[in-house]
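Take a look at the structure below.
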Amino acid sequence: MKRLFNCILALTLGLGISSCSKDENLDVDLTKYNYDTFEKLPIDDYINTNLTVPYNIEVVYRFDRSQTDINKNISPPKIEQVQPAVDMVINGFLKVFEKVAGPTFIKTYTPKQFVLFGSHAYNSNGSVTLGTADGGRRVVLYDINNVNPNSPTDIKRRLRTIHHEFTHIVNQIVAIPPSFREVTTDHVADWTAAANTDAEALRLGFISQYSRSNFGEDFAETVAHLLIEGQAYYNQRIAASSEDGAKKLRAKQTIVEDYYKQFFDIDFKELQYEVYLMLNQTYGDQSQAFLTNLKNNRVASINFNLDSGTEYTLYGKSVAFDAVWKEVKAKLPTISNNAGRQAVSFNLVFLNENKVQLQAAYKNAAGSNLAAWYDFTMTYNTDGTIKLKYVDEGLTDTEYKNGRIVIEGWRALITYLETNTFKPDWVSPTIVGYNNSMKFAGFYVAGDETNYLYGPVTLK
């Protein structure tokens, strides 16, 4: 032991003598030892031009473990996956808010840093984290290596996360209204528990299982689903809920819409529609399109009351189709068998995804209300248009019999429906405004969007 101690002491003294006796130059140019330098890549210029300069937002994609939970194994993003992720943020988040809320909102409230990681962040309960919002100024996005801009489903899932996390940031600026907390209180400690099924959460009035985590997550989930999945989806969830749950889901939507209008002067319906357009036109998403709802047998009816419907007073009519309606009104009273009938209105009732029924309402000479039914097959073309064909199957219901009696009176409408190729669509907000853009739908004559019929929609 003494020998070892002597050796260490000798070495220590030797080092001390060497250090003290050597005359070293301490004036060192540290610039050539700059450890923060990195190779500039084309993606850096892309980020600077499209995100940093116009929006003052930084993107951190080079691996930095301090930007996330150091206890989790996270991989960096692949370079080629960074631009699709950046584009998703710009198109699916920044531009829609900028269009509806204005550039001041973007500059004031949006996070100033997006951090990208390649893999998921895995949690101990078996779930994965797709994103987090930190301190109101940073959003961390995971699983960037699997971003697929050619998959609307993948993009929607990620944008739902971004809008969810941004809602948390907004809630740090203006607190969630106390009234929202009172709508549902059935929260659970572990939202992944087996008892918290989707059906159970929906029955209780939650839009998703994760909504039951706490009222803050519930508010963010409500916002994200209304924006990304759309109003038709939300309505379907309401219809699938219990009576009490449906009431709560409607109440939550009202509170969300009032919150954005009162505190940020944002028309939430307009924001919903712009998100729908972005998903549809940029990423090819058809899930919210009216045509998709038809194909999936989600549409119950479109109602047309051209003479007394307030929508036509407010928003006007198609001149071309109004001429068809006027022809029906002029013809029906003149047909020989029991003249004096008066056309009132009509509905298109969708019996299934391939069959639509024209339900024509009229009065006889004595003023009694009658109905005539005409069935059409509906064929879908590859270009997104449809064709209708009248088919008389010889059914003997009173309404079908009436239809045969007065068919010449309704001939102009039947011919219009049969001879044109139509593009089914929601009515443009330029016609009915954003608040009603997905409450009204109709058929546009292919190649002539001034020739159309539209009315209020009822979904199944």
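I need the shape label for the range 154-233. Rule: rounded when a/c is under 1.5, else prolate if a/b > b/c, else oblate, with a, b, c from the alpha carbon gyration tensor. Here the range 154-233 falls in the oblate category.
The alpha carbon radius of gyration of the range 174-213, expressed as a multiple of 2.2 N^0.38 Å, is 1.19.
Karplus-based coupling profile of the range 304-320, in residue order and whole Hz: 10, 10, 5, 8, 10, x, 5, 4, 6, 5, 6, 10, x, 10, 6, 4, 5, with θ = phi - 60° in 6.51 cos²θ - 1.76 cosθ + 1.60 and x standing for Gly or Pro. Computed extension length for LYS95-THR282: 66.1 nm, one decimal, from 0.36 nm per residue of separation with the Cα-Cα distance subtracted.
The base-10 log of I(q)/I(0) for the chain, evaluated at q = 0.06, 0.08, 0.11, 0.13 Å⁻¹, reads -0.40, -0.63, -0.97, -1.18 [Debye formula, identical scatterers on Cα atoms, solvent excluded]. Dividing the mean sequence gap of close Cα pairs (under 8 Å, 6+ apart) by how many residues the chain holds gives a relative contact order of 10 percent. The three principal axes of the Cα atoms in the range 261-350 give end-to-end lengths of 59, 33, 22 Å, sorted in falling order.
May I ask for the net charge around THR153, where only other residues with Cβ less than 13 Å from the Cβ of THR153 are counted and Lys, Arg are +1 while Asp, Glu are -1? My count for the surroundings of THR153 gives +1.
Highest average first, the peptides 92-103, 181-192, 158-169 ordered by how many other beta carbon atoms sit within 10 Å of their residues are 158-169, 92-103, 181-192. Inter-part distance, the range 395-443 to the range 163-188, computed on C-alpha centroids, equals 42 Å. Using a cutoff of 8 angstrom between alpha carbon atoms and counting only pairs six or more residues apart, the relative contact order for the range 201-317 works out to 22 percent. Packing here is the average count of other Cβ atoms within 10 Å per residue, and on that basis the peptides 137-149, 359-371, 254-266, 213-225, highest first, run 213-225, 137-149, 254-266, 359-371.
Summarised in one figure, the compactness ratio Rg/Rh of the range 366-434, Cα atoms and Kirkwood Rh, is 1.09. Proximity of backbone amide H atoms, modeled 1.01 Å from N, is registered between THR421 and ALA446 at under 5 Å, excluding neighbours fewer than 5 places apart on the same chain. Measuring nothing but how far apart in sequence close Cα pairs (under 8 Å, 6+ apart) lie, relative to its length, the range 260-412 scores a relative contact order of 18 percent. At an R0 of 22 angstrom, the distance between the Cβ atoms of SER308 and ASN337 translates into a FRET efficiency of 0.25. The stretch between LYS363 and ASP64 holds 100.1 nm of extra length on full extension. This uses 0.36 nm per residue minus the Cα-Cα distance. Calculated over the range 312-382, the projected area of the Cα convex hull averaged across directions stands at 6.8 nm².
Mind checking which lysines have their C-alpha under 29 Å from LYS387, skipping anything on the same chain fewer than 8 residues away? Reachable lysines: LYS295, LYS317, LYS326, LYS329, LYS331, LYS355, LYS401, LYS423, LYS439, LYS460. In plain terms, the chain from PHE263 to ASP392 could stretch by 40.8 nm, reckoned as 0.36 nm per residue minus the Cα-Cα distance.
Every number here is computed from the coordinates shown, using simple stated rules; none is lab data. If you're wondering where the values come from, they're calculated on a predicted model, not measured in any experiment. Glycine also receives a Cβ, built like all others from the backbone with ideal geometry; neighbour counts cover every protein chain displayed.
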